[in-house]
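A.B. asks: Would you mind keeping the following structure in view while I ask a few things?
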Amino acid sequence: MLSLRPELWLTYAEGDKRNPELAFPPHGWVMPFDEGVQYAADTAREKFKGEAPFPAQAEAFKRSLDTLATTLQTTNPDITVIISDDQDEWFFEDNMPRFAVYWGESVPMRPRQPNPAGHPEVSKAISEGYGDIELEVPIAHEFGRYLVEYLSDNDFDVTHFTHLAQPYGGQVKRRYPTRTGETDIVRTTQPREQGLPHGFAFIVKRFFNNQPRPILPVFQNTCYPPNQPTPKRSYQFGQAIARAVSAWDGPGRVAIVASGGLSHFVVDEELDRCLLKALEDGDAETLQSLPRERLYSATSESLNWVALGGAMLEANLKMELLDYVPVYRSPAATGGGWAFARWQ
């Protein structure tokens with residue numbers, strides 16, 4: 001959505017009708033689109049106004065992303081730790097760690113191939129949003145090893161890896177709740193060359209304008225049961241990262257970025273606003289006790305914000321909410337809550 005012109009949003013929304021991973025609040029049940037239209041609360045259905053709000057919402061996206069990009073570039077960190085998740089890119093059911101750190105010397109960023117089954121213009125724009133040129137992105141290698149060792153010494157059994165084993169492909173089963181059990185959706189990704197996963201690549205392209213300083217990719221398995229971290233564990237993970245930064249005796253300035261979320265593929269404004277208020281208020285108890293039944297499917301990426309909240313509270317930095325833009329693109333409340341914030 002952040003890479004699409006607003007006149008394409010309704011075209012993109014046609015895909016919602018075929019998305020098997022629509023998890024509806026408050027129970028987190030996954031159900032088909034048509035059933036979701038009936039299930040969505042009246043207030044949610046009423047918020048779908050067609051395409052009229054889209055241009056202003058797209059402008060709000062751009063304004064906030066520009067502010068964040070300028071902030072990061074002006075700060076000019078020596079190391080940027082990016083906390084995000086992997087979605088059928090490097091990790092599959094043959095290897096799905098809860099937490100992982102990539103600390104090789106560098107990592108390739110490759111233009112993504114547009115989805116051949118999607119609308120050509122939509123697929124092209126989305127793919128380019130995650131990187132449009134070949135890059136070799138520098139990794140904060142020494143700090144990466146240090147972080148792995150620090151986490152391992154402080155009660156986190158974190159996976160580490162220093163090189164890629166191309167090609168990547170495999171299966172991931174979506175074990176999401178339904179009214180009567182759980183889904184049996186299995187997504188198969190054919191082996192292919194895969195560069196830096198999208199949650200990290202977006203930051204390199206959009207915030208660093210394809211001219212990155214050293215980054216460190218830190219992964220949470222937010223999306224895929226059964227080994228998702230709890231909100232409490234994500235918060236503690238962020239705290240540990242901030243403590244590692246504070247204890248680091250190497251030179252340089254470190255920035256921490258959370259990439260992903262908030263609620264999508266179905267809008268959950270109640271959850272989004274609860275999370276954002278807790279971040280603004282420094283409310284660690286609420287951050288650690290978010291309802292897990294509302295953190296299925298892509299909304300689970302909110303855990304990246306929870307981890308960042310733990311880091312920022314540990315660092316005693318104050319949140320400035322730049323914007324929160326809930327976008328409803330159908331009467332089933334499909335869409336998402338896009339939030340933008342910085343801590344200084």
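A.B. asks: Answer yes or no: is there a residue in the stretch 69-86 that is at pLDDT 95 or above, surrounded by fewer than 18 Cβ atoms within 10 Å (Cβ to Cβ) and touching a Ser or Thr at 6+ places or on another chain (Cβ under 6 Å).
C.D. replies: So far as the stretch 69-86 goes, no, none of its residues is at pLDDT 95 or above, surrounded by fewer than 18 Cβ atoms within 10 Å (Cβ to Cβ) and touching a Ser or Thr at 6+ places or on another chain (Cβ under 6 Å).
A.B. asks: Scan the stretch 27-41 and give yes if some residue there is in a loop (DSSP other than H, G, I, E, B), touching a Gly at 6+ places or on another chain (Cβ under 9 Å), farther than 20 Å from HIS198 by Cα and not polar (S, T, N, Q), otherwise no.
C.D. replies: Checked against the condition, which is being in a loop (DSSP other than H, G, I, E, B), touching a Gly at 6+ places or on another chain (Cβ under 9 Å), farther than 20 Å from HIS198 by Cα and not polar (S, T, N, Q), the stretch 27-41 yields no hits at all.
Rundown of residues vs (1) within 22 Å of THR67 (Cβ to Cβ); (2) touching a Lys or Arg at 6+ places or on another chain (Cβ under 6 Å); (3) charged (D, E, K, R), yes/no style:
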site: ALA258; (1), (2), (3): yes, no, no
site: ARG292; (1), (2), (3): no, no, yes
site: ALA298; (1), (2), (3): no, no, no
site: ALA315; (1), (2), (3): yes, no, no
site: MET319; (1), (2), (3): yes, no, no
site: PRO331; (1), (2), (3): no, yes, no
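A.B. asks: Quick one: which of GLU59, GLU14, GLU7 is within 20 Å of GLY129 (Cβ to Cβ), in contact (Cβ under 8 Å) with a residue 24 or more places away in the chain, within 23 Å of the chain's Cα centre (by Cα) and in a helix (DSSP H, G or I)?
C.D. replies: Checking each option against the conditions leaves just GLU14.
A.B. asks: Counting only residues that are surrounded by fewer than 15 Cβ atoms within 10 Å (Cβ to Cβ) and either over 30 Å from ARG206 (Cα atoms) or of a type in the set (A, V, I, L, M, F, W, C) (or both), how many does the stretch 3-26 have?
C.D. replies: Summing the residues that are surrounded by fewer than 15 Cβ atoms within 10 Å (Cβ to Cβ) and either over 30 Å from ARG206 (Cα atoms) or of a type in the set (A, V, I, L, M, F, W, C) (or both) in the stretch 3-26 gives 2.
Yes/no matrix, rows are residues, columns are (1) of a type in the set (D, E, K, R); (2) surrounded by 22 or more Cβ atoms within 10 Å (Cβ to Cβ); (3) under 16 Å from ALA278 (Cα atoms):
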{"site": "SER289", "(1), (2), (3)": "no, no, yes"}
{"site": "LEU303", "(1), (2), (3)": "no, yes, yes"}
{"site": "ALA307", "(1), (2), (3)": "no, yes, yes"}
{"site": "ALA311", "(1), (2), (3)": "no, yes, yes"}
{"site": "GLU314", "(1), (2), (3)": "yes, no, yes"}
{"site": "GLU320", "(1), (2), (3)": "yes, no, yes"}
{"site": "ASP323", "(1), (2), (3)": "yes, no, yes"}
{"site": "VAL327", "(1), (2), (3)": "no, yes, no"}
{"site": "ALA339", "(1), (2), (3)": "no, yes, yes"}
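A.B. asks: Would you point out the residue of the stretch 222-251, among those that are of a type in the set (Ser, Thr, Tyr) and crowded, with 17+ Cβ neighbours inside 10 Å, that is farthest from SER289 (Cα to Cα)? Spell out the reasoning first.
C.D. replies: So the first thing to find is which residues in the stretch 222-251 are of a type in the set (Ser, Thr, Tyr), and the list is 222, 224, 230, 234-235, 246.
After this cut, where a residue has to be crowded, with 17+ Cβ neighbours inside 10 Å as well, the list is 222, 224, 234-235.
Details: THR222: 15, TYR224: 19, SER234: 11, TYR235: 10 Å.
Ranking the candidates gives TYR224 first.
A.B. asks: With PHE92, PHE54 as the choices, which residue is farther than 21 Å from GLY261 by Cβ and either buried (at least 18 other Cβ atoms within 10 Å of the Cβ) or touching a residue at least 12 places away in the same chain (Cβ under 8 Å) (or both)?
C.D. replies: Details: PHE54 fails: farther than 21 Å from GLY261 by Cβ.
Within the list PHE92, PHE54, the selection yields PHE92.
A.B. asks: Follow-up. Quick one: in the stretch 289-332, of everything that is closer than 20 Å to PHE54 by Cβ and part of a loop (DSSP other than H, G, I, E, B), which residue is nearest to the chain's Cα centre (by Cα)?
C.D. replies: ARG329
A.B. asks: Taking interchain pairs and intrachain pairs at least six residues apart, which have beta carbon atoms under 7 angstrom, with the first residue in the stretch 220-236 and closer than 18 Å to TYR102 by Cβ and the second among the charged types (D, E, K, R) and in a helix (DSSP H, G or I)?
C.D. replies: Every condition considered, the pairs that remain are THR222/GLU301.
A.B. asks: Could you say whether any residue in the stretch 285-300 is at positive phi and either of a type in the set (Asp, Glu) or touching a residue at least 60 places away in the same chain (Cβ under 8 Å) (or both)?
C.D. replies: Keep residues of the stretch 285-300 that are at positive phi, which gives 297.
Checking which are either of a type in the set (Asp, Glu) or touching a residue at least 60 places away in the same chain (Cβ under 8 Å) (or both) leaves us with 297.
Checking the stretch 285-300: at least one residue is at positive phi and either of a type in the set (Asp, Glu) or touching a residue at least 60 places away in the same chain (Cβ under 8 Å) (or both).
A.B. asks: Quick one: would you say ASP281 is over 24 Å from VAL148 (Cα atoms), surrounded by fewer than 23 Cβ atoms within 10 Å (Cβ to Cβ) and modelled with pLDDT of 95 or more?
C.D. replies: Answer is yes for this residue.
A.B. asks: If I filter the stretch 115-129 down to residues being part of a helix (DSSP H, G or I) and surrounded by fewer than 19 Cβ atoms within 10 Å (Cβ to Cβ), which single residue comes out as nearest to the chain's Cα centre (by Cα)?
C.D. replies: GLY129
A.B. asks: Give me the residue from the stretch 130-165 that is touching a Ser or Thr at 6+ places or on another chain (Cβ under 7 Å) and in a strand (DSSP E or B) and, out of that set, surrounded by the fewest Cβ atoms within 10 Å (Cβ to Cβ).
C.D. replies: GLU136
The values are calculated or read from the model by the stated rules, or taken from the named source; none is laboratory data. Quick caveat, the model's predicted, so the values are computed rather than measured. All Cβ positions, even for glycine, are placed from backbone atoms using ideal geometry, and neighbour counts span all protein chains on display.
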